[in-house]
Amino acid sequence: HGADGVSVAAREWATHDRTVPTGIESFDELTGGFVAGGTSVFEHDGVADHWPFTAALCARAVERGDTVVLVTAPGTLRGRVNDLLVDQVGHVRQLMTDGDLYLIDPVSQSPESPALATLPESAVVLETETGSIQSAIRALVGELGAEDVVAVLEHAAIEHLGSATQARRLFYWATGALRNVQGDLSLVLTADRSLAGERLGAFFTGAAKQVVRTWRGSDELQYLSVPKSPAG
């Protein structure tokens, strides 16, 4: 429900053969890449790192000329994400200046925040009021129009904004909103199961078209499994 009326989107999971590759050969062979024009959940244990995979997805999107949207803390963007992108497609500041990358910031409460000081204001959509993350997403989706977009949303960055029920509503709303844009929009939600809890984690994986799980084993190796994949 929104100011423009009611949007209705199908919820059934169906075979989806279009994928967005990451360029990581073994990952793409295992998963087919991330679902294109749909929603994937990348579940981690809080120790294993999802960013090598999701940042590679973002790098390939930039190379194709798509727009990248990250919903995460600006410190992560300038630190971990920048370290992974800089050798592939460039520094995050330059990508944002060129209009290739946008940040929806659910953490900072002011444009003058030190975390945002070195980032271009035109590429940052600030979530200034608790619970208004939907408004930030709506504003950016409206601005991007018919462009093809790859979005990575970190649940940990928005977990403080509301209850588990609100998180479910946001996930459903975002999924429906993405299907109503003119361009092709692919969403990856990253979630720490220990933070989200079993019930909310199960909801995320049940509602997504694709689920990837990663964890750090006792042997210090990082493992992947794909319990739900339209690619089979």
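The values are calculated or read from the model by the stated rules, or taken from the named source; none is laboratory data. Keep in mind that what you see is a predicted model, and the values were worked out from it rather than measured. All Cβ positions, glycine included, derive from the backbone under ideal geometry; neighbour counts span all protein chains shown. To get the accessible areas, we keep the full protein, side chains included, count just its heavy atoms, and leave off ligands, DNA and RNA. Shrake-Rupley method; radii C 1.70, N 1.55, O 1.52, S 1.80 Å.
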Residue-ordered couplings for the range 82-91, obtained by feeding phi - 60° into the Karplus form 6.51 cos²θ - 1.76 cosθ + 1.60 and rounding to whole Hz (Gly and Pro as x), are 4, 4, 7, 8, 4, 7, 9, 9, x, 5
Expressed as a percent, the accessible surface of the range 85-130 that is carbon or sulfur, using a 1.4 Å probe and the full set of protein chains, is 47 percent
About its Cα centre, the range 67-109 carries a charge dipole, from +1 on Lys and Arg Cβ atoms and -1 on Asp and Glu Cβ atoms, whose size in debye to the nearest 20 is 120 debye
Full extension between Gln94 and Val6 adds, at 0.36 nm per residue less the Cα distance, a length in nm of 27.9 nm
Rounded to one decimal in nm, the spacing of the 7 Å Cα→Cβ label points at Arg199 and Ser218 is 3.2 nm
Any residue on another chain or 5+ positions along whose placed amide H is under 5 Å from the amide H of Val20 is listed here as Phe34, Val35, Ala36
On each of the three principal axes the extent of the alpha-carbon atoms of the range 26-102, given in whole Å and largest first, is 33, 28, 21
So for R0 = 45 Å, FRET eff. of Arg168-Glu29 from the Cβ-Cβ r, to 0.05, ends up at 0.85
